[in-house]
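Visitor: Just dropping this structure here.
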């Protein structure tokens, strides 16, 4: 930022030079015209002409550097700013993204950011040059004839009063326009994501109607803004015109009475003309600043959002952490309780669980029992309370976040993929692309046959969100992604839901040797997915209702046995039918 | 696509004209507004020209002849003129804004409707972020063109011509001397336009890239974080963001060069006026007032040119945006109703697949030679391993895609002959992943169909066992749903989509793997719901659980895109083929 400050200062110096030189030409003009009153040598006229041209060339060079430095810097700041916002977004936790709408965030990173840039570049440039022009041209006018200057500038205070009155409205109205644009974007975004459902249920027309309503509201708000705006610009022109009238009327009288020369009069009116454009630009600049301030406010809302989950004072230093290595992968939940919002709605309570390094744990239970939450606490996608979750006896909240996550292979429910190639998706967690690792992971995930059947193999592009793959293929691909990093801890969050039982069996068979030395947690709705694990828990309403091996749990004749029996029974019942 | 044949400067102009012509077609409903705005614009420019002339008259006629009452008159006249100009310009801006806003509104609504007709095939290839930047970003740029008054460029043009006329009228010799710098200006403008045009295209394309990247990364942030990819993705982002910066810096450079060039040319014109015009004044061939008027007009002459180039920036973006919007509008939905459709009031007999082949792209057939039929009232189950082609079959049936070979017949008519919307309205689809819209539960079940009463919705919800959890929500059926249904469990989301399917009372129910990701308890609820949903209804069901398909009249076993077995549950079991095997596996300990 400091480098930018220096650049901006240099740019402002050029701006000052540009504006000062721009005042010299009218001055030469004045002398030229005054000289015409008497008898003048045509050679002198040529000199005047050459001087005007020469001064303007110098002014042109200054203007080039002014624009290049000031506007260019604003673009560079925009670039940095966008990177910073994106980097900040990367630190925000899941809970933020659940609440915030993607379309909304995007509009802040693009439209709002541009509005801010407009302030930093053209905004500052025009504002400062307007000020300089006002001061210098105004000063020269006073120098030429202070009385006339005073009178010619009468409309200005009037103007500033009106501007102050209008700007608050401009601000509110343009805020309202932006808000509606964001709402409309969010609507369209959702519509496009759900287009299949809309088409399947033939709801296109209703959606178009709804969109039209949003669109209509947008028009209404834009027009409300235009009403003010339409008044703003002509008013600026009017004010400068009024100044000119005063100069002609009163200045003309002074010329007649011999108080000032005709040359003074002409120079005076050309200084006033010099102020016309900045005065109009001022209105535009005011608009820029309004928009920019509103946009900056929205961006700050993102930047001010604390990363809910990050390293802090309790986090171990790199040295302390590496002294603890190597980790074995023992996991302990110690009286763990967790709630998303407030203690009244506990999702998990009093979880006590010790998981030996290298063992596997199956987690089953009804919908909403907290299974997913439990495993999401380990990579701190949601943050557990301090002192309740440990790896190898170390509180996970004191492990540096990156180090913690590098230990974990996480396979989410929805199998989210990036629109890269299959190979790139598998190596998402690796430093570099490693064909051997890709193939290993793909083999365990039962992807080899299908992927090698694609003409481009591992270089096949996955469509956005993996739409060109089936649900099962996506899940297997996201399993491969987790396996490729050879994690110490593997978490499968209901990751086989779209995979058929046969393929699942094959995967588990190959997975077994792979997870020998790894701690593995598997959430599932299917008994078949977990029955082979070392240890199984049944979660019910956020508590561990049952725990044991498959055999033990069946012998316990509790919920697990019931789930298992029901599954068997339903099948048998149908069979008998 | 059809615009891409044009290249280079010459063609670029033709091409801009085509875009402008097409844009102006959207203007035609508002042509009276537009014409009156133009008239006001013209009047405004004219009034703008009066000022310097009044100054000239003031100097030559009154000041130099010491006529104070004449000066008073001129001052009053001047005030009248600027007041009138104020009113005219205000009116012009209002009308122009209104017109422009209406055109943008129509264009946006038109594009949105068009997008509603595009098939999943289109969305498979296009990222939602990319389409969004057409619908919102690009049209917003066009809007910018309107609001920033690019249309008033026409006014600038009037102004330019007017000034030229006045100068010629005042003194044609001096005017021609001033005009001698014009070729310089046109040359500079030409070079500038060419350069800026290219870089603005680049800028828009790179912005779209940024959008697509953001869209995806914000959606998959959990994965990015879980795999510690922040640094790498930030690097990627910096790269595309940097490309965007580079192309912008190029335009900054062109602008930084162009403005001084215009200024210097203006100064050249001024110098000529002083040197040549001054000489004329000395010789008495020119009055002093005319010289001053020339100076003032020349200053005004170059301002519109400056303005034009400043706005050229916006115009360029707008043209590029218009091009992209029109390209999208010109992309025909690859599936639509034929001109003459076969009306099918009621599905009454059979659905038949006749030797259907299908590939999502190229020759990779995911379905090969599929033939089967479903009679009205029958329930058919599709069974097979993942990737066997089950989802493709139902996508074809709902006409999300077209078969590459073969036919799908409905009551003896090729499905392609049927009215697309009429056919789809006979279907309810429960997709693999329950998709919920923001809005409340009620609107998610009836999907905005106001003719379905809340009571009907509740009844459907009761049928599919969704009523219980819905009624426990704080606002019941009016409970708002967060983005993608984040505040409901997977099972609850599924039950809602069941209620949705039921409330539309379909003649054909399509169910895609809907029984997969719920626990056994919820599954019992779902099984019960399914029982009611399927009873007496023609249906085609995909499920991994054999229990849900055993009630089917017919089971079709698929493998690698081919039908390998077909028959009833019992028949298939006794055959001891793939089905038998799948069935055994389910019970393996």
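The values are calculated or read from the model by the stated rules, or taken from the named source; none is laboratory data. Since the model is a prediction, treat every value here as computed from it, not as a measurement. Reconstructed Cβ throughout: ideal geometry from the backbone, glycine too, with neighbour counts over all protein chains shown.
Visitor: Of everything in region A:250-260, what is more than 7 Å from chain B (Cβ to nearest Cβ), more than 13 Å from residue B:73 (Cα to Cα), at pLDDT 85 or above and touching a helix residue (DSSP H, G or I) at 6+ places or on another chain (Cβ under 8 Å)? Give them in sequence order.
Guide: Answer for region A:250-260, where residues must be more than 7 Å from chain B (Cβ to nearest Cβ), more than 13 Å from residue B:73 (Cα to Cα), at pLDDT 85 or above and touching a helix residue (DSSP H, G or I) at 6+ places or on another chain (Cβ under 8 Å): A:251, A:254.
Visitor: Residue A:299 - would you say it is in a helix (DSSP H, G or I) and touching a residue at least 40 places away in the same chain (Cβ under 8 Å)?
Guide: yes
Visitor: Going through B:181, B:191, B:196 one at a time, which residue ends up being more than 17 Å from residue B:317 (Cα to Cα) and surrounded by 18 or more Cβ atoms within 10 Å (Cβ to Cβ)?
Guide: Details: B:191 fails: surrounded by 18 or more Cβ atoms within 10 Å (Cβ to Cβ); B:196 fails: more than 17 Å from residue B:317 (Cα to Cα).
The unique qualifying residue is B:181.
Visitor: If only one of A:247, A:202 is at the interface with chain B (Cβ under 10 Å from one of its Cβ atoms) and on the phi > 0 side of the Ramachandran plot, which one is it? First the steps, then the outcome.
Guide: Numbers: A:247 fails: on the phi > 0 side of the Ramachandran plot.
Answer to the selection: A:202.
Visitor: Given the options B:71, B:83, B:77, B:111, name the one that is closer than 29 Å to residue B:333 by Cβ and in a helix (DSSP H, G or I). Walk me through how you get there before you give the answer.
Guide: Numbers: B:71 fails: closer than 29 Å to residue B:333 by Cβ; B:83 fails: closer than 29 Å to residue B:333 by Cβ; B:77 fails: closer than 29 Å to residue B:333 by Cβ.
Going through B:71, B:83, B:77, B:111 in turn, the sole match is B:111.
Visitor: Hey, another quick one. From the list A:44, A:27, A:16, which residue is surrounded by fewer than 18 Cβ atoms within 10 Å (Cβ to Cβ), modelled with pLDDT of 85 or more and closer than 26 Å to residue B:291 by Cβ? Talk me through it step by step, then tell me what you get.
Guide: Working: A:27 fails: modelled with pLDDT of 85 or more; A:16 fails: closer than 26 Å to residue B:291 by Cβ.
Residue meeting the stated conditions: A:44.
Visitor: With the requirement that a residue be at pLDDT 80 or above and within 11 Å of chain A (Cβ to nearest Cβ), what does region B:530-558 give you?
Guide: B:542, B:552
Visitor: In region A:356-370, what residues are at pLDDT 90 or above and crowded, with 21+ Cβ neighbours inside 10 Å?
Guide: A:360, A:361, A:362, A:363, A:364
Visitor: Just to be sure I understand, how many residues within region A:496-530 are part of a strand (DSSP E or B) and either more than 12 Å from every other protein chain (Cβ to nearest Cβ) or free of Cβ contacts under 8 Å to residues at least 24 places away in the same chain (or both)? Give the steps one after another, and end with the answer.
Guide: Initially, region A:496-530 is screened for residues part of a strand (DSSP E or B), giving A:519-523.
Next, from what is left, pick out any that are either more than 12 Å from every other protein chain (Cβ to nearest Cβ) or free of Cβ contacts under 8 Å to residues at least 24 places away in the same chain (or both): A:519-522.
Of the residues in region A:496-530, 4 are part of a strand (DSSP E or B) and either more than 12 Å from every other protein chain (Cβ to nearest Cβ) or free of Cβ contacts under 8 Å to residues at least 24 places away in the same chain (or both).
Visitor: Residues of region A:470-495 being at the interface with chain B (Cβ under 9 Å from one of its Cβ atoms) and either at pLDDT below 85 or farther than 28 Å from residue A:391 by Cβ (or both), which ones?
Guide: A:470, A:471, A:472, A:473
Visitor: Separate question: What residue, of B:59, B:74, is surrounded by 20 or more Cβ atoms within 10 Å (Cβ to Cβ) and touching a residue at least 60 places away in the same chain (Cβ under 8 Å)? Reasoning before the result, please.
Guide: Details: B:74 fails: touching a residue at least 60 places away in the same chain (Cβ under 8 Å).
Checking each option against the conditions leaves just B:59.
Visitor: On the given criteria, is residue A:245 surrounded by 20 or more Cβ atoms within 10 Å (Cβ to Cβ), touching a residue at least 40 places away in the same chain (Cβ under 8 Å) and in a helix (DSSP H, G or I)? Outline the logic, then answer.
Guide: Details: surrounded by 20 or more Cβ atoms within 10 Å (Cβ to Cβ): yes; touching a residue at least 40 places away in the same chain (Cβ under 8 Å): no; in a helix (DSSP H, G or I): yes.
No; evaluated as a whole, the condition is false for this residue.
Visitor: Continuing with this model, one more query. So which helices (runs of 4 or more DSSP H) are wholly in region A:131-216 and hold at least 3 residues that are in contact (Cβ under 8 Å) with a residue 40 or more places away in the chain, within 37 Å of the chain's Cα centre (by Cα) and assigned by TED's automatic domain parsing to the domain that holds residue A:21? Full working, then the answer.
Guide: Working: elements: A:146-152, A:155-193, A:195-200.
In region A:131-216, the matching helices (runs of 4 or more DSSP H) lie at A:155-193.
Visitor: Kindly establish whether residue B:251 is touching a residue at least 12 places away in the same chain (Cβ under 8 Å), within 33 Å of the chain's Cα centre (by Cα), more than 30 Å from residue A:406 (Cβ to Cβ) and assigned to a helix (DSSP H, G or I). Show your work before the answer.
Guide: Numbers: touching a residue at least 12 places away in the same chain (Cβ under 8 Å): yes; within 33 Å of the chain's Cα centre (by Cα): yes; more than 30 Å from residue A:406 (Cβ to Cβ): yes; assigned to a helix (DSSP H, G or I): yes.
Yes; evaluated as a whole, the condition is true for this residue.
Visitor: State all residues of region B:491-500 that are within 9 Å of chain A (Cβ to nearest Cβ) and either within 20 Å of residue A:369 (Cα to Cα) or in contact with a helix residue (DSSP H, G or I) (Cβ under 7 Å, 6 or more places away or on another chain) (or both); if no residue qualifies, say none.
Guide: Initially, region B:491-500 is screened for residues within 9 Å of chain A (Cβ to nearest Cβ), giving B:491-492, B:497, B:500.
Scanning region B:491-500 gives B:491, B:492, B:500.
Visitor: Shifting gears a bit: Can you run down the residue pairs with Cβ atoms below 6 Å, 6 or more apart or on separate chains, where the first is in region B:25-44 and more than 23 Å from residue B:85 (Cα to Cα) and the partner is in a helix (DSSP H, G or I)?
Guide: Close Cβ pairs satisfying both conditions: B:26/B:103; B:26/B:106; B:26/B:107; B:27/B:34; B:27/B:103; B:30/B:99; B:30/B:102.
Visitor: Mind counting the residues in region B:116-139 that are without any contact (Cβ under 8 Å) to a residue 60 or more places away in the chain and buried (at least 22 other Cβ atoms within 10 Å of the Cβ)? Quick ask: steps written out before the conclusion?
Guide: So in region B:116-139, the residues without any contact (Cβ under 8 Å) to a residue 60 or more places away in the chain come out as B:116, B:123, B:125-126, B:135-136.
Okay, now just the ones that are also buried (at least 22 other Cβ atoms within 10 Å of the Cβ), so B:135-136.
Total satisfying the criteria: 2.
Visitor: Which residue out of B:321, B:293 is within 15 Å of the chain's Cα centre (by Cα), surrounded by 20 or more Cβ atoms within 10 Å (Cβ to Cβ), touching a residue at least 40 places away in the same chain (Cβ under 8 Å) and assigned to a helix (DSSP H, G or I)?
Guide: Details: B:293 fails: within 15 Å of the chain's Cα centre (by Cα).
Selected residue: B:321, the only one of B:321, B:293 that is within 15 Å of the chain's Cα centre (by Cα), surrounded by 20 or more Cβ atoms within 10 Å (Cβ to Cβ), touching a residue at least 40 places away in the same chain (Cβ under 8 Å) and assigned to a helix (DSSP H, G or I).
Visitor: When you look at residue B:165, is it farther than 30 Å from residue B:319 by Cα and within 23 Å of the chain's Cα centre (by Cα), yes or no? Steps first, answer last, please.
Guide: Values: farther than 30 Å from residue B:319 by Cα: yes; within 23 Å of the chain's Cα centre (by Cα): no.
No, not satisfied.
Visitor: If you don't mind, there's one more thing I want to ask. Out of the residues in region B:402-415 that are crowded, with 19+ Cβ neighbours inside 10 Å and in contact (Cβ under 8 Å) with a residue 24 or more places away in the chain, which is farthest from residue B:123 (Cα to Cα)? Step through it out loud before you land on a result.
Guide: Initially, region B:402-415 is screened for residues crowded, with 19+ Cβ neighbours inside 10 Å, giving B:403, B:408, B:410, B:415.
Right, trim to in contact (Cβ under 8 Å) with a residue 24 or more places away in the chain and you get B:403, B:408, B:410.
Values: B:403: 18, B:408: 23, B:410: 27 Å.
Ranking the candidates gives B:410 first.
Visitor: Can you tell me which residue in region B:516-529 is nearest to the other protein chains (Cβ to nearest Cβ), limited to those that are closer than 24 Å to residue B:440 by Cα, touching a helix residue (DSSP H, G or I) at 6+ places or on another chain (Cβ under 6 Å) and at pLDDT below 80? Can you show your working first?
Guide: Kept after step one, since they are closer than 24 Å to residue B:440 by Cα, are these residues of region B:516-529: B:517-518, B:522, B:525-526, B:529.
Restricting the remaining residues to those that are touching a helix residue (DSSP H, G or I) at 6+ places or on another chain (Cβ under 6 Å) gives B:517-518, B:522, B:529.
Narrowing the set further to residues that are at pLDDT below 80 leaves B:517-518, B:522.
Working: B:517: 4, B:518: 6, B:522: 5 Å.
Checked region B:516-529; the qualifying residue nearest to the other protein chains (Cβ to nearest Cβ) is B:517.
Visitor: Please go through (1) touching a residue at least 60 places away in the same chain (Cβ under 8 Å); (2) farther than 15 Å from residue B:63 by Cβ; (3) surrounded by fewer than 22 Cβ atoms within 10 Å (Cβ to Cβ) for residue A:271 and return the number of the only condition it doesn't satisfy.
Guide: (3)
Visitor: Tell me which residues, restricted to region B:467-490, are modelled with pLDDT of 75 or more, within 12 Å of chain A (Cβ to nearest Cβ) and not in a loop (DSSP other than H, G, I, E, B).
Guide: Once the filter is applied, which keeps residues that are modelled with pLDDT of 75 or more, within 12 Å of chain A (Cβ to nearest Cβ) and not in a loop (DSSP other than H, G, I, E, B), region B:467-490 yields B:469, B:472, B:481, B:490.
Visitor: Return the residues of region B:83-101 that are under 24 Å from residue B:27 (Cα atoms) and more than 7 Å from chain A (Cβ to nearest Cβ); say none if nothing qualifies.
Guide: So in region B:83-101, the residues under 24 Å from residue B:27 (Cα atoms) come out as B:88-101.
Of everything in region B:83-101, those that are under 24 Å from residue B:27 (Cα atoms) and more than 7 Å from chain A (Cβ to nearest Cβ) turn out to be B:88, B:91, B:92, B:95, B:96, B:99, B:100.
Yes/no per residue for (1) at the interface with chain A (Cβ under 7 Å from one of its Cβ atoms); (2) surrounded by fewer than 20 Cβ atoms within 10 Å (Cβ to Cβ); (3) in a helix (DSSP H, G or I):
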| residue | (1), (2), (3) |
| --- | --- |
| B:235 | no, yes, yes |
| B:238 | yes, yes, yes |
| B:243 | no, yes, yes |
| B:328 | no, yes, yes |
| B:333 | no, yes, no |
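Visitor: Here is a follow-up. Select from region A:444-469 the residues that are crowded, with 19+ Cβ neighbours inside 10 Å and touching a residue at least 40 places away in the same chain (Cβ under 8 Å) and write down the one among them that is farthest from the other protein chains (Cβ to nearest Cβ).
Guide: Checked region A:444-469; the qualifying residue farthest from the other protein chains (Cβ to nearest Cβ) is A:444.
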